[in-house]
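Reviewing the structure listed below.
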Amino acid sequence: MTFTNESIGGRKLALSINQASDATSLSVPFLRKEIYAGNLKAHKVGTRTLVFVNDLVEYIGRGALASQGTTNDETLADDN
């Protein structure tokens, strides 16, 4: 199966670290530190390091919850 931009809704599935930096306004060195620390998932594809968009959105969400003093588990408990 071949994927095109149209077949995935015109959205990218993964971003380079530079693109992730542009999308989040977080610096490239900061994102690299977060990847190295295991806080942000990244994937090597050949020589490139890519961050899946879903992982980036989850990471940003965790940061927003942490700044409110809430963990993801507490938020899920509130929803039930």
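Every number in this text was worked out from the coordinates using simple rules, so none of it is lab data. Keep in mind it's a predicted model, so treat the numbers as computed, not measured. Backbone-built Cβ (ideal geometry, glycine too); neighbour counts: all protein chains shown.
Here the Karplus curve 6.51 cos²θ - 1.76 cosθ + 1.60, taken at θ = phi - 60°, turns the phi angles of the range 37-42 into couplings of 6, x, 7, 10, 6, 9 Hz, with x standing for Gly and Pro. If R0 is 41 Å, the Cβ-Cβ spacing of H43 and A66 corresponds to a FRET efficiency of close to 0.95.
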